1. Can you pull out the residues in the stretch 748-789 that are aliphatic (A, V, I, L, M), at pLDDT below 80 and not in a helix (DSSP H, G or I)?
2. In the stretch 486-508, how many are modelled with pLDDT of 65 or more, open to solvent by 40 Å² or more (accessible area, probe 1.4 Å) and hydrophobic (A, V, I, L, M, F, W, C)?
3. Restricting to the stretch 14-30, name every residue that is at pLDDT 70 or above and either open to solvent by 60 Å² or more (accessible area, probe 1.4 Å) or among the aromatic types (F, W, Y) (or both).
4. Against the condition open to solvent by 40 Å² or more (accessible area, probe 1.4 Å) and under 22 Å from Y719 (Cβ atoms), how does D633 come out, does it pass?
5. For the stretch 509-531, what are the residues that are out of contact with any Phe, Trp or Tyr (no Cβ under 8 Å at 6 or more places or on another chain) and touching a residue at least 60 places away in the same chain (Cβ under 8 Å)?
6. Using beta carbons and a limit of 8 Å, which pairs, at least six apart or on different chains, have the first residue in the stretch 533-553 and at positive phi and the second one surrounded by 19 or more Cβ atoms within 10 Å (Cβ to Cβ)?
7. Would you mind listing the strands (runs of 3 or more DSSP E) fully within the stretch 76-161 where at least 2 residues are within 21 Å of A203 (Cα to Cα) and at pLDDT 80 or above?
Amino acid sequence: MSALLGLDRSLLWLAARVMGLWVRPTPLPVDEAERLRGRGRRVLYVLERQSLSDLVALSLVCRAIGLPSATRRFQLGAARESRAAIFLERRRGWLRKRADRRVPARLLRIATAALTAGDCEIDLVPVAVFWGRAPAKTPGSWLVQLAREDWTLVGPFRRFWSTLVNGRRTLVRFGEPVSLAEFAAPERDPRRAARRAARAMRAEFRHARAAVVGPDLSHRRTVIAEVLAKRAVRAAVALEIRDKRLTRREGLLLARRYALEIAADYSPRFVAFMEGILTRLWNRLYDGVEVLHAERLELASQGAQVVYVPCHRSHMDYLLLSYVIYMRGFAVPHVAGGVNLNLPVVGRFLRKGGAFFLRRTFRGNPVYPIVFMTYLGVMMSRGHPIEYFIEGGRSRTGRLLEAKTGMLSMTLRSFLADPSRPVVFMPVYFGYERLVEAKTYVGELSGRPKQKESILGLVRALGVLRSRFGRVYVSFGEPLPLAEHLDRHAPGWQRSRVEARPPWLGTAVDSLAAEIQARVNATAAISPVGLLGLALLSAPRQAMPEADLVAQLDLYRRLAARAPYSPDVWCTPLDGAAILAYGRSMGLVETVPHPLGPIVRMGEESAVLTAYYRNNILHAYAFPSLIACAFLDNAAMRSEDVQRLAWRIYPYIAQELFLRWREDEIAAVVDQLLDAFADLGLLERLPAGAGWRRPPTGTAAAVQLSVLAHSTLDVIERYYLAIALLVQAGPGAITQEALETRCQQMASRMALVYELRAPEFFDKTLFRQFLDLLRARNVIGTAAGGLLTYDQALLDVARDAQLVLSEQIRHSILQVTAR
């Protein structure tokens, strides 16, 4: 191979022509040409390893996207090089080839010539070529998997085999350009500049290979041995030996058994094999997988430890996310899963795909949490991406659940122990148009016990392969660097990182969880099914005239464009009529003919299921709906009254739906929404800007405003119910636990009486969160014995709620509570 690399440019051109018949490399990132042209400097490519095939792949990409050729002559002063590319690592030796990591002679010559000529404005561009790791492709045979890229230094035969088998599945990854001048200052010594440049390029290649292939993970036994050798594990085992009078061997075997129960057994070839199976599965189940904001994968993985924190809707979540990440050319994350998924045979396959398991509770076992946290720290120190669901379990209602902060706390403490490698959290939103577990969720919400995962249950679930589930949306949110978050919420955290558990840890973890949940919602995908649910579930008996429904759907789309919830929210491009047609094709709605025009309605089962998909996007319309609620029982309102109502209710609805705005931003958001309502014809501004007036009763605009308001009206009703029950009991007469139970029972009764299709209406957890926030904001207090007290502040909240709720609704609530 070394002899081949000495061929003149004409033979290199010939090699490129021959290999170009088969090799189809894919560049990453796709905007590399624009980025380099914008810098306006001469380009010198740095390849990771000495390889003719890598050089040809780079040349093909350069020609395809309009970059300067890697095989052109490079001349600078006295340096006249035959090509504008450098191999950072060469192979030397005769019988046993080994890596030669000395500074390349060509790099030293160019550095010397640049410093002599006083012209160091040369961009060094690291280029890593991965054979068999191209994104958005499907695998060939098992031979393709055997020839895929890993961390091994391969020889000529292995490289030839990879080129032959994986030539059409090649990824050419460009790193960040670095000017040679950055390495030359301040000594102006060419040898030192060349060494610095080589060291920086090697670090860049390590990060690139870890991001694409995954870190160089040793065998599972080696990882477990490293975990068991840690001081924290040894100390925990010693305490267990002393407390339970075990032998040293018994204590170490106990820790080893825990480590084996936890640890993944990641296999790149198994992952590559599963790529083809999952591709066929998605094609059979879904009409498409929409991936949004995938460019953030590149931003998050640049030398950082990436922690994926998706919302949890379905068992499909971890398969989909790993698949999407892998198909975009990045390493598959290690996924934390409940030990209930560690089923016979299935658990082994999940471990091969990167799953590691944890118990639902760590209580009563002092060794297990230490082993688990140490394992997590080892995986993070090795740089492998991690994935876990901070909600703890799958949402049965479609809303984000309150975060379980155990994994976040362990991640933060691992970072404090070694903050040298930055940690970046990547929020991920999942949106489904139909869930595989939909009927199971309905049964659980109806009171049936949760079904345990089992092999028999998995076999029974294979029947879903005959069904279609619409489209699924995977959207990557704005990355959240952990160090920046700590700078905002725990200034001076660097000085206290030696502490095992600093006093500010709990507050920092809670704020981190809230920020992650808000960023998940900020990147939502507004699907046609979600909009159908938002409209019909807000109408009486889930039915609307077809023309009114189409107009309401168009209103939602125009509102999302005029006052978007966040810049990252995606909304379906289908218009109202097309959305309705799509809902019919999915079997969600039915049309009843009528002489005055067709009526579109949802059946009872469809309404319960569609409430889930409505809740996926409810947060995007919650604030507009809250503003509309102010005009349900008020023909006109002053601007300051609307602002006061929004300010009063927003903290509670923001906590429940994980809304993105701070309280000091509310006034500006309300003004923006009022202007948007005026532009859309939903409100009219009163003369002299004194306030706002709703459209005349009976008009199309008034109907649209009312339907919009009813999206969140049940949330306000739930708040009013809790306050009414507390006021009815009186101050110092009831504990919070008893009040939560009474609220849940009353809400369940109201749902039966008034046929409410929102299972979350009588969710006891939401009542607890509301009461907790009332206490945190000093609206209610706690007396001796845990009895709740209140003063005028609670009555002010109740009075403002009365402005929103109609007299009929208030009387209905009071009637139920009185009984």
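The values are calculated or read from the model by the stated rules, or taken from the named source; none is laboratory data. Here the structure is a predicted model, which means the values were calculated and not measured. Cβ sites come from the backbone with ideal geometry, for glycine too, and all protein chains shown count toward neighbours. Heads up: the accessible areas ignore ligands, DNA and RNA and are worked out on the full protein's heavy atoms, side chains in. Shrake-Rupley method; radii C 1.70, N 1.55, O 1.52, S 1.80 Å.
1. Passing the criteria: L756, A758.
2. Here the count works out to 1.
3. L14, R17, V18, L21, W22, R24
4. yes
5. V509, D510, A513, R519
6. Once the first residue is at positive phi and sits in the stretch 533-553, its partners that are surrounded by 19 or more Cβ atoms within 10 Å (Cβ to Cβ) give Q542/L536; Q542/M602; Q542/A607; Q542/R757.
7. 85-92, 122-131
Every residue, every condition in (1) touching a residue at least 60 places away in the same chain (Cβ under 8 Å); (2) within 15 Å of E760 (Cα to Cα); (3) touching a helix residue (DSSP H, G or I) at 6+ places or on another chain (Cβ under 6 Å); (4) outside any helix (DSSP H, G or I), yes or no:
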| position | (1), (2), (3), (4) |
| --- | --- |
| P696 | no, no, no, yes |
| A701 | no, no, no, no |
| Q704 | yes, no, yes, no |
| A709 | yes, no, yes, no |
| T712 | yes, yes, yes, no |
| I716 | yes, yes, yes, no |
| L721 | yes, yes, yes, no |
| A724 | yes, no, yes, no |
